[in-house]
Amino acid sequence: MALDDILTQVPIDDIAAKLGVSPEVAKAAVEQGGAVLLGGLAKNAETDEGSSAIQAALKKHEGAKSVSTVDDIDETDGGKIVSHILGANEKQVTQQLTESKATAGIDFGKLLPILAPIVMGLIANANKGKADKADAGSDSSGGIGDLIGGLLGGGNSGSGGGIGDVLGGLLGGGNSSGSGGGIDLGGLLGGLLGGKK
């Protein structure tokens, strides 16, 4: 389970139409935005307080279905989720993403509130499946952090500030836009969310 799962749940063509860009640009933007939201969640999950806040928020999103149009998404709720995830850095992160050459023309101030409920729904459903399997056994020790790390495609190496590396690899590797004018998401998140660069 990774960003591909987010992409399959997102109405890319509808988002492209709403933002006035091509589906390819919309897809790249969804990948970047999804990674930033997951990265922010993973950072928040490092503290007990953050982890329990995420768990509480996820309960509201359990059973979320995939959406077929942007109109199916509660963007007001999405905006609140983005504010919680990015905190005081919301404007700065949004601005840096919006200025990225890799996704020219995308206003992340509009895109992130569309993505946030989808991301939360995916994590909530994955988390519920995990909790059901574990019979609500060992929920206490940062399980949500491991789950988000898994979504990001990282092994359980959450200890060494590795979220930036995971994101850097995820978005820098393999993707055709990775070599040139892409945004350094790892550095962006590392710097803004207090991790080591």
### Query
Is the shape of the range 1-51 rounded, prolate or oblate, going by the alpha carbon gyration tensor and its root eigenvalues a ≥ b ≥ c, with a/c under 1.5 for rounded and a/b larger than b/c for prolate?
prolate
## Note on the structure
The lysines whose Cα lies under 30 Å from the Cα of Lys128, excluding any fewer than 8 residues away in the same chain, are Lys27, Lys43, Lys59, Lys60, Lys65, Lys80, Lys110
### Task
Could you order peptides 69-76, 45-52, 83-90 by the average number of other Cβ atoms within 10 Å of their residues, highest first?
83-90, 45-52, 69-76
## Note on the structure
With every protein chain kept in place and a 1.4 Å probe, the range 1-122 has an accessible area per residue in Å² of 47
### Query
Rounded to a whole number, what is D in µm²/s for the range 64-125 from Stokes-Einstein with the Kirkwood radius over alpha-carbon pairs (20 °C, 1.002 mPa s)?
175
## Note on the structure
Of every hundred units of 1.4 Å-probe accessible area on the range 40-137, the number belonging to carbon and sulfur atoms, as a percent, is 50
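The values are calculated or read from the model by the stated rules, or taken from the named source; none is laboratory data. In this text, all values refer to a predicted model and were calculated from it rather than measured experimentally. Cβ: placed from backbone, ideal geometry, glycine included. Neighbour counts: every protein chain shown. All accessible areas refer to the heavy atoms of the entire protein, side chains included, with ligands and DNA or RNA removed. Shrake-Rupley method; radii C 1.70, N 1.55, O 1.52, S 1.80 Å.
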